[in-house]
1. Could you work out how much longer the chain between residue 65 and residue 130 gets when fully extended? Use 0.36 nm per residue separation minus the Cα distance between them, nm to one decimal.
2. Under 22 Å between alpha carbons, and skipping anything fewer than 8 positions from residue 293 in its own chain: which lysines qualify?
3. Full extension from residue 235 to residue 137: what is 0.36 nm times the residue separation minus their Cα-Cα distance, to one decimal in nm?
4. Obtain the nm distance between the two label points defined at residue 282 and residue 93 by a simple spin-label model: each point lies 7 Å from its Cα along the Cα-to-C-beta direction.
5. Please give the contour-minus-distance gain from residue 301 to residue 11: 0.36 nm per residue of separation, less the Cα-Cα distance, rounded to one decimal in nm.
6. Distance in nm between label sites at residue 204 and residue 189, each 7 Å beyond Cα in the beta-carbon direction?
7. Counting other C-beta atoms within 10 Å, and keeping those with at most 15, which DSSP coil chymotrypsin sites (Phe, Trp or Tyr not before Pro) do you find in the stretch 191-262?
8. Sequence gap at least 6, Cα distance under 8 Å: using those rules, report the relative contact order of the stretch 3-287 to the nearest whole percent.
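A short reminder: the numbers here are calculations on the coordinates, not readings from a lab. Here the structure is a predicted model, which is why all the values come from computation and not from measurement. Please note: Cβ atoms are built from the backbone with ideal geometry, for glycine as well, and neighbour counts cover all protein chains shown.
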Amino acid sequence: MPAALSAAWSLLAGAFLAALLLRDWARGSRGVSVSDLFQDLIRYGKTKRGRAPRLLQVPKRWFTHFYVVSVLWNGILLIWLSRAVFFRGSFPSWIQQVHQALGRDSQSEDADSEHFSALLVLLLLWLHSCRRLAECLWTSVFSNGVIHIVQYCFGLAYYVAVGSTVLCQVPTNFTNGKQLPVQISWYHFIGVVMYIWASLHQHKCLVILANLRKTKSGQVVSLSHSVPSGHWFERVSCPHYFAELLIYVSMAITFGFHNVTWWCVVMYVLFNQALAAVLCHEFYQENFSSYPKHRKALIPFVF
Ligand SMILES: NC(=O)c1ccc[n+]([C@@H]2O[C@H](COP(=O)([O-])OP(=O)(O)OC[C@H]3O[C@@H](n4cnc5c(N)ncnc54)[C@H](OP(=O)(O)O)[C@@H]3O)[C@@H](O)[C@H]2O)c1
């Protein structure tokens, strides 16, 4: 288990947890101080509305680029890993060097049982990116909201890092002549079923958000923000973020529950989505006086 990777994801998770706890720091200010920069970096889209100078901001619809990068990068990783698993090919030498730098022994055989799990998780991640790209292109209706250039670069790097993390869970050199095991286990089945279930719900939530801006015939008539309702929105303000968390949990299950590095990724997604959900929840409460009181921010009945 590459300890450096676990440490890096834990650090990121901790940073988002800290941001969540400190989110009210200097909330009302509008200057160029460190606290304003902090607010500028933790908020995006509607939760940033009316407060950010347009300096170093890019359109939020550029979220699309994250998924283009992810489909391409993780698609390439998927091809390499498939070749390795099914045809016993080896990875390019630079990947092996990165593995060694991260503490993974390329000849190690203790993780043989994880080859198929890693392949499956990478496939799920790639399919997730394909769906999200399609939703950005054809489902979601974006307004003129913005994100900070730092958030944009972080988002691009995130999808490269997350796929590379999957690849780092298995040895990279397969030329030892040994037949690689393709063992389908019960946890693969549970993980994939949960992934499909969470993905369908996430898609439904994104359709509900898009329909807030459309007529019944599908014509876009507004770019404003209104109160979503129906389906999981009856329980939480950001069910699509909750579904995102479930998707990453389903990948942890597909890994067989015991992959510590991936649980660190799940912690990162939890705190990342919790921060975004709480800011969104507060936005709804502040802007809509009749906002349902029983609705939580991210996790039904919890918070
Ligand atoms: N894994 C990760 O680290 C990570 C990080 C971030 C996001 N994500 C995922 O990416 C997906 C999109 O995230 P997001 O932060 O962009 O979600 P979001 O802010 O809720 O936006 C989703 C879409 O709905 C629109 N929208 C949002 N609230 C609305 C409202 N009240 N009325 C009308 N339209 C509304 C947005 O338009 P606007 O243009 O006005 O915003 C956008 O087109 C989510 O499923 C999330 O889980 C994952």
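1. Net length gain for the segment: 22.2 nm.
2. 46
3. Using 0.36 nm per residue and subtracting the Cα-Cα distance, I get 32.5 nm.
4. So the label points at residue 282 and residue 93 sit 5.2 nm apart.
5. This chain segment gains 101.6 nm when fully extended.
6. 2.4
7. 257
8. Values: 361 pairs, mean separation 85.2, N = 285.
Reported as a whole number, the value is 30 percent.
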